[in-house]
1. Could you state the orientation-averaged shadow area of the convex hull built on the Cα atoms of region 54-115, in nm² to one decimal?
2. Under 13 Å from a point 7 Å along the Cα-to-Cβ line of S30: which residues of region 54-93 have their amide N that close?
3. Determine, from the Cβ-Cβ distance of Y73 and Q1 and an R0 of 25 Å, the FRET efficiency 1/(1 + (r/R0)^6), rounded to the nearest 0.05.
4. Give the accessible surface of region 1-99 per residue, rounded to a whole number of Å², with probe radius 1.4 Å and ligands, DNA and RNA excluded.
5. Nothing charged except the Cβ atoms of Lys and Arg (+1) and of Asp and Glu (-1): what's the magnitude of the dipole of region 1-92 about its Cα centre? Round to the nearest 20 debye.
6. Quote the relative contact order of region 1-56 in percent (integer), defining contacts as alpha-carbon pairs under 8 Å separated by 6+ residues.
7. Please give the contour-minus-distance gain from T102 to E46: 0.36 nm per residue of separation, less the Cα-Cα distance, rounded to one decimal in nm.
8. Of all accessible surface on the chain at a 1.4 Å probe, what whole percent is carbon and sulfur?
Amino acid sequence: QVQLVESGGGVAQPGGSLRLSCAASRSIFSIYAMGWYRQAPGKQRELVATITSGGSTNYADSAKGRFTISREYAKNTVYLQMNSLKPEDTAVYYCNAHRSTTNYWGQGTQVTVSS
């Protein structure tokens with residue numbers, strides 16, 4: 001079992017920045033792909049960004065150029081740096097760990113972008 005705990009959500013103004021963190025309960029980055037997903041009210045959960053066990057990254061078109069996913073092995077933590085935030089980025093953001101048919105999810109953290 002792997003527990004994932006997100007933090008760093010909150011309220012930001014349009015054009016502002018937030019950094020989300022996802023702490024894993026044990027060292028998994030060498031074998032699990034990690035990702036950030038989000039779900040806005042009334043919408044399906046969607047991919048934001050992923051990083052493979054080998055370090056390759058992938059971003060949704062809406063996140064390219066504005067968001068950066070990274071990981072810190074020593075802290076078993078994955079980050080999502082979000083810059084140039086827009087109101088449409090408002091959602092609950094979830095951390096995911098994926099390997100083969102196994103998926104773990106965090107509880108989510110709310111991000112609200114509003115003036």
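The values are calculated or read from the model by the stated rules, or taken from the named source; none is laboratory data. Quick caveat: nothing in here was measured; it's all calculated off a predicted structure. For neighbour counting, all protein chains shown are included, and Cβ atoms are generated from backbone atoms with ideal geometry for every residue, glycine included. Just the protein is used for accessible areas: all its heavy atoms, side chains included, with ligands, DNA and RNA removed. Shrake-Rupley method; radii C 1.70, N 1.55, O 1.52, S 1.80 Å.
1. Values: hull surface 21.6 nm².
Quarter of the Cα hull surface area: 5.4 nm².
2. 54, 73-74
3. Working: r = 20 Å, r/R0 = 0.80.
After rounding to 0.05, the efficiency reads 0.80.
4. Numbers: 4940 Å² over 99 residues.
With the other protein chains kept in place, region 1-99 gives 50 Å² per residue.
5. Numbers: 10 positive and 6 negative charges, 16 e Å.
Result for region 1-92 is approximately 80 debye, rounded to the nearest 20.
6. Details: 63 pairs, mean separation 15.1, N = 56.
Relative CO of region 1-56 lands at 27 percent.
7. Numbers: separation 56, 0.36 × 56 = 20.16 nm, distance 1.80 nm.
Extra length from T102 to E46 when fully extended: 18.4 nm.
8. Details: 2700 of 5920 Å².
That share works out to 46 percent.
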